Each structure stands twice: as structure tokens, then as C-alpha cells.
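Please read the structure below before turning to the comments.
The values are calculated or read from the model by the stated rules, or taken from the named source; none is laboratory data. All figures in this text were calculated on a predicted structure; none of them were measured in a lab. Here the Cβ is made from the backbone with ideal geometry for all residues, glycine too, and neighbour counts use every protein chain on show.
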């Protein structure tokens with residue numbers, strides 16, 4: 001139980017560091033740590049497959065891609081021009097309002113049952129596979145189309161235009 | 001978990017850790033010796049008989065060298081880089097089954113640190129994490145060559161990870177499980193997966209070369225173009241960590257290949273041997289067989305290094321995206337057809 | 001441009017055909033060649049300090065200052081060797097022979113100090129050619145390695161030949 | 001292993017929701033206060049992940065695998081989004097030599 005709170009504290013800490021770090025590379029590395037804490041949360045929830053996929057897809061692929069792009073662009077200016085303090089305060093207030101609304105809504109529902117593992121095998125590959133390829137077969141196929149079109153789009157966007165360049 | 005099992009696990013962790021470090025140390029020696037034999041030379045032969053103490057001398061040298069941290073580097077990340085590299089290299093061996101269950105007293109113990117049921121994906125995740133050490137170190141050095149090395153490492157690893165994952169998927173269609181323990185157990189006797197997935201293995205080993213940054217795909221540290229690549233600015237034991245990480249990676253990927261495709265601890269005639277030697281010796285023989293296979297793979301890595309010249313970077317990317325990925329998909333389709341019609 | 005010597009070879013670089021683009025056949029071929037070297041070929045190295053390759057006749061190694069047939073030093077400290085040395089590796093201080101030293105030095109003048117900096121020396125052999133007294137020859141061994149720079153400045157103790165009757 | 005997972009069972013569902021809400025709010029704030037396009041993008045990833053965590057928690061709470069399947073769909077979506085988004089950012093960088101979003105307030109160069 002205390003593990004959850006410790007990890008949750010770490011997640012929030014690293015998440016705050018992500019948006020407050022001056023150097024974007026540091027931001028990404030903090031984001032890696034944040035996602036790592038999420039992986040631990042998944043393991044605590046016994047969602048093994050989600051945990052490992054989070055590990056591979058987010059930490060292993062998406063964030064490496066971010067880091068790659070950032071290094072490719074290689075902004076030598078150490079810090080981007082920050083927004084004015086007024087905007088920052090307004091933004092924090094706005095985000096805080098959102099949080100307050102969500103928490104208030106949560107308070108109104110008043111549900112606070114502990115999370116029980118009704119089915120210990122829930123997060124295992126076999127179980128998830130059966131649901132994914134049975135109930136959600138069509139969305140699965142459509143998501144593959146989405147990925148394909150995203151790939152084509154990315155290649156098209158990132159290729160240098162030979163006519164103008 | 002009871003204490004007996006816990007102790008066995010702890011002992012196993014320590015032993016595997018030590019073994020992988022010793023193997024990494026002696027891989028440097030083996031690399032130099034084997035390179036020498038391939039080039040009709042002798043190799044290191046001064047420290048101890050036939051140079052057997054060379055790794056110790058190298059280690060002492062590494063420790064005694066001056067430790068330089070460049071002034072304009074990002075100091076914390078500069079230290080984190082090599083540490084992360086060696087850490088990700090070491091944790092990969094946690095899910096590999098090193099042998100059959102061994103009987104101590106009246107109880108059976110697994111020769112595996114932990115059997116998680118997504119073991120194969122775990123290895124895959126660790127491999128994909130390995131690039132962070134290189135990228136952080138390369139970026140933190142604040143050096144063009146290091147940065148270029150880091151960028152190359154990132155794009156190379158991402159590209160080849162896809163082909164590697166696809167080749168593993170074809171294997172999974174055959175084995176029906178992600179647990180390495182079960183995959184190893186399935187290949188009893190001579191029913192090795194290489195017989196069922198020869199093509200997938202070729203794809204896998206090519207990707208393994210790319211993922212461990214070994215020649216012909218060692219573009220991130222390509223000294224003819226990038227001075228030293230991502231570890232240009234490194235010296236002393238931090239450089240040693242990077243080099244060590246490469247050899248541990250080689251050991252772990254050899255172990256993974258042996259486990260996935262080459263029958264792990266299984267060998268033809270193992271039942272006969274087990275019948276004659278009993279429940280303690282037989283698993284140990286299996287472990288020895290596994291290690292023999294791993295050493296063969298390490299030898300193969302070195303053999304290829306001293307034979308094949310480095311690819312050009314665009315050739316590397318072409319091979320990854322236009323060659324291996326379509327082939328891996330074709331392999332998946334072929335495996336699917338084979339399973340549908342012949343099983 | 002037209003080639004004058006007709007020695008130029010025109011290399012054709014065709015795009016690889018399918019068989020070549022698989023890479024694997026070429027890889028296997030290369031691997032078999034290196035394996036042949038690994039297994040069968042004898043190594044060609046000479047294990048240097050223990051084994052030595054024979055020097056050629058005109059090999060130029062470490063210098064030695066010669067003595068004549070009566071065991072006297074031939075060098076007369078004329079300085080021609082130092083003058084001819086392109087690397088300026090040779091220095092010497094001359095001295096006059098005292099009475100009673102005739103059995104040590106052949107001429108009235110001799111080199112009290114004769115130093116060659118082996119780190120500067122390029123072993124060209126010009127000193128040998130310049131010497132009018134046939135006193136210096138580069139007929140020695142390879143100059144051994146050392147740890148300190150000062151140890152590479154060889155004095156007369158290392159350069160002069162051993163006396164005859166020993 | 002069993003006893004290890006028992007520890008998570010006593011955490012109320014409320015706290016998972018709270019954690020997700022906080023992370024989500026941090027993501028929103030990040031989008032609002034930063035000008036670097038890549039960091040904004042990362043804040044969006046943070047928000048997506050907060051939702052992922054919540055979906056998994058609900059899935060475990062309800063004993064229904066659907067939530068976790070949705071996490072996969074979100075991940076696939078995130079991967080697609082990152083590929084296209086980063087391509088766009090690289091493109092923007094090529095055209096303006098900056099990834100500051102305040103430079104991008106024009107519709108045509």
C-alpha cells in the first residue's frame with residue numbers, strides 16, 4: 001500500500017519536473033522516469049502485459065523517437081524563450097481549476113472502494129488476447145490501418161520536397 | 001516465497017552476475033586472440049601464460065587512467081550514461097533459464113532468476129532501453145561526434161527493433177508462449193526451434209548484431225568517421241563501462257538466441273544421459289551445453305566482426321527498412337500459412 | 001581525357017543484382033575465408049624480444065664508436081658528424097690528449113664527451129659517411145625502449161666499443 | 001508473489017483517480033506554459049498516460065479486461081500521433097529554424 005503512495009509521489013514529482021525543466025532533453029529524461037513509475041504502477045495492479053507494453057512502446061520507442069528528434073534538431077540555445085510570468089500564473093490557475101473540478105466531481109460520487117483483484121489472471125497475455133481478438137477485432141484492424149496511414153503520412157511529411165528545396 | 005527458494009534465487013543472481021562479468025572480461029581477451037588468429041597473428045601473450053591475465057591488466061589500466069569530465073558537458077548525465085548502459089546490459093539475463101530444474105535435497109529448484117510470463121517481451125524491453133545509455137552519454141559529452149554517434153545509435157536501434165520484434169512474433173506463433181522457461185522446455189531433445197524457424201533466426205541474428213552495435217553495424221562508434229562515436233569524450237572506467245556493456249550485451253543476446261532458437265539446455269540424447277547420471281548432474285550438463293552454445297555465438301559475433309566490413313549508414317537503413325522488415329512480415333505470413341495448413 | 005600510359009583501368013560499378021543484394025552468399029564466402037585463416041594458416045609474426053629477424057646487410061641500428069687495432073679510440077672530435085647530422089642529434093666536447101694517454105686515444109685531440117640523442121636520431125647514416133676517421137658506425141642493434149627521455153641521450157659509456165683485450 | 005500483489009489491493013480506487021487527475025492537470029499546465037513544440041507534445045503524452053493508468057485501474061477494479069484493451073488502442077494511437085507529430089515538427093523546424101510555437105502564428109510563409 002505504501003508502495004503505491006511512494007510511486008505516486010515520484011510520478012507527480014517527475015511530471016512536474018518534465019514541464020518545469022529548462023532544457024528539453026532533461027524534460028524527456030524526466031518523462032522517461034515518469035513513465036517508468038507508471039510501469040511500476042501497472043505491475044502493482046498485476047497488469048503485466050500492459051506494463052511491459054508500456055515499457056517497450058513508450059520508453060523504448062516513443063521517447064527514443066522524441067530524444068532522436070530533439071538531438072537531430074539540436075537546439076544549441078540552452079533554453080527556449082519562456083512565456084511571461086503572467087501567462088504562467090494564468091496557466092497554473094487554469095490547470096488547478098480543472099483539477100479542482102475533477103476532484104469535486106470525484107467527491108460527489110463518494111465511491112472509495114479499494115481496488116480488489118477479482119480475477120488474478122486478468123492482466124495476463126492469454127486473457128487480454130482473447131478479448132482483443134474477439135470483441136475488439138474490428139477496432140484492432142482499424143487501428144492497424146491508422147498506424148499504416150500514420151507511417152505513410154510521416155514519411156511523406158519528413159521527405160524533403162525536391163521541387164522547392 | 002519460502003526462504004530456501006529465496007536463498008537459491010539470491011545465489012543464482014550473484015552467480016549469474018559474476019559469470020556475466022567474467023565472461024565480459026574474458027570476451028575482451030577472446031576478441032583480441034580470435035582477431036589475431038583470423039589475421040595470422042599471435043595476439044596478447046605477455047601477461048601470464050598465453051596472455052591469460054591480460055583482462056586483469058586491462059582492467060587495472062582502465063582504473064588507473066585519468067578520469068576526464070569535459071568542462072562543457074552535462075556532468076550528471078555524463079556519469080549516468082555509462083552506468084545506464086551497463087545496467088541495462090546486466091538486467092537482461094534475469095529471465096533466461098540457465099538449466100532444467102535441479103534437485104537439491106528433496107526439492108526442485110529452477111535455474112532461473114524469475115519466470116515472468118512475458119519474459120520474451122521483458123528482454124525486448126530491456127534491449128530497447130539499452131539505447132538510452134548511449135544517447136545520454138553521447139548527448140552529455142557536448143561533442144559533435146558523440147552527438148552524431150548517439151543519433152545514429154537511436155535511429156539504428158529503433159529501426160532494427162521493429163524487424164527483431166516481427167521475427168520474434170513468427171517464433172511466438174510456433175511456440176504459443178512468451179515464457180522463456182516454457183520455450184526452453186518445448187525444445188526437448190533435438191526439437192529445436194531453429195528447425196521450425198530457420199529464416200526467422202537469420203533475421204533475428206542480423207538484428208541482434210545491430211542491437212548490440214557490433215560490426216558490421218557498429219555505426220555509432222565508427223572510428224573512421226566519428227573519431228570514437230558516442231564515447232569519444234570518455235576515458236578511464238567510464239569508457240570501460242561502455243565497452244563492458246557491449247560484451248555483456250553480446251553474452252546476453254547469445255543466451256537469448258541459444259534459448260529461443262538453438263534449444264537452450266537441450267541436446268540430442270539428453271534423456272539417456274539423464275537416466276544414467278541422476279537428477280543433480282543431468283541439469284548441470286544441460287547448463288554446460290547452454291554455455292557452450294552461448295560461447296559459440298560469442299565466437300560467431302567475433303568471427304563476423306573480423307570478416308565483414310562496416311556498412312555505410314544509408315545501406316544500413318535500407319537493409320533495415322526495405323530488407324529485413326518486409327522479409328520479417330513475409331516470414332510471419334509464411335509461418336501462419338504453415339500453421340494453418342500443416343498442423 | 002585520353003590516358004597517356006593506357007594503364008588506367010576503368011572499373012564498372014553496376015547496381016547489385018538480386019543475388020548480390022541478399023548479401024548472405026558473400027557473407028558466407030567471407031566467413032569461410034577467415035575461418036580458413038583461423039584454423040589452418042600458421043601465424044606469420046616473429047615474437048620479437050625472444051626471436052629476432054635477421055637484419056639486412058645495410059641495416060642501420062645503434063651507433064658505436066670504434067677503436068683501432070691497438071684498442072685506441074679513433075674519434076678525434078672533429079665535429080663533422082655533428083655537422084652532417086640532419087636531425088642535430090650529436091653533440092660533443094673535445095679535449096687535448098695528455099702525455100701518457102697515447103694508448104687510449106689515437107690522435108692528439110679526442111672527444112671528452114660524445115652524446116647522441118636517440119630520440120632525435122633518424123638513423124640516416126650521414127654521420128657514418130661524414131666521419132674521416134672511420135670512427136662511427138651504425139652497426140648495432142635496435143635502440144631499446146626506455147621510460148625517461150633523459151635515458152635516451154647516449155653517452156660514451158654506451159657508444160664506445162668494448163676494449164679489445166677483454 | 002501473491003502477498004506482494006495483496007499490498008496494492010488496499011488502495012482505494014479514489015486515489016488512482018486522484019493521481020490520474022493530478023498528472024492530467026500537470027500535462028494541461030505543461031501545454032499552457034511552454035513554448036517549445038516538443039515539450040508541449042510531451043505534455044500531451046503525459047495526459048494520455050494519465051488516462052492509461054486510470055483505464056487500467058478501472059479495468060482491475062471491475063474485473064473486466066476491456067479497459068486494458070483500450071490502453072493498447074491508446075498506445076497505438078499515441079505511436080501514430082508521435083510519428084506524424086514529430087514529422088510535422090521536423091518540417092516546421094526546416095522552414096522556420098525554430099520549434100517555438102509563438103513563431104507559428106502565421107498561416108503562410
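So here's what we get for this one:
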{"read-out": "Qualifying residue in the range B:95-107 (condition: more than 24 Å from residue B:262 (Cβ to Cβ) and assigned to a helix (DSSP H, G or I))", "value": "no"}
{"read-out": "Among (1) away from chain A (no Cβ under 12 Å); (2) part of a helix (DSSP H, G or I), the one test that residue B:188 misses", "value": "(2)"}
{"read-out": "Residue ID - farthest from the chain's Cα centre (by Cα), chosen from residues in the range A:16-30 that are under 19 Å from residue A:91 (Cβ atoms) and at the interface with chain D (Cβ under 7 Å from one of its Cβ atoms)", "value": "A:24"}
{"read-out": "Options B:145, B:122; residue that is farther than 25 Å from residue A:123 by Cβ and assigned to a helix (DSSP H, G or I)", "value": "B:145"}
{"read-out": "Members of the range B:320-343 that are in a helix (DSSP H, G or I) and free of Cβ contacts under 8 Å to residues at least 24 places away in the same chain", "value": "B:322, B:323, B:326, B:330, B:333, B:337, B:338, B:340, B:341, B:342"}
{"read-out": "Some residue of the range C:93-102 being over 30 Å from residue C:147 (Cβ atoms), within 14 Å of chain B (Cβ to nearest Cβ) and without any contact (Cβ under 8 Å) to a residue 40 or more places away in the chain", "value": "no"}
{"read-out": "Lone unmet requirement of (1) within 14 Å of another protein chain (Cβ to nearest Cβ); (2) part of a loop (DSSP other than H, G, I, E, B); (3) without any contact (Cβ under 8 Å) to a residue 40 or more places away in the chain for residue B:72", "value": "(3)"}
{"read-out": "Failed condition for residue B:31, given (1) under 30 Å from residue A:26 (Cβ atoms); (2) modelled with pLDDT of 85 or more", "value": "(1)"}
{"read-out": "Filter result for the condition that a residue is touching a residue at least 40 places away in the same chain (Cβ under 8 Å) and closer than 22 Å to residue B:323 by Cα, over B:244, B:209, B:251", "value": "B:209"}
{"read-out": "In the range D:56-67, residue nearest to the other protein chains (Cβ to nearest Cβ) [restricted to those that are more than 18 Å from residue A:125 (Cβ to Cβ) and within 18 Å of the chain's Cα centre (by Cα)]", "value": "D:57"}
{"read-out": "Filter result for residue B:266 (within 18 Å of the chain's Cα centre (by Cα) and in contact (Cβ under 8 Å) with a residue 40 or more places away in the chain)", "value": "no"}
{"read-out": "Checking residue B:52 against (1) under 27 Å from residue B:253 (Cα atoms); (2) surrounded by fewer than 15 Cβ atoms within 10 Å (Cβ to Cβ); (3) at pLDDT below 85, the condition it does not meet", "value": "(3)"}
{"read-out": "Among (1) more than 10 Å from chain A (Cβ to nearest Cβ); (2) crowded, with 17+ Cβ neighbours inside 10 Å; (3) in a helix (DSSP H, G or I), the one test that residue B:83 misses", "value": "(2)"}
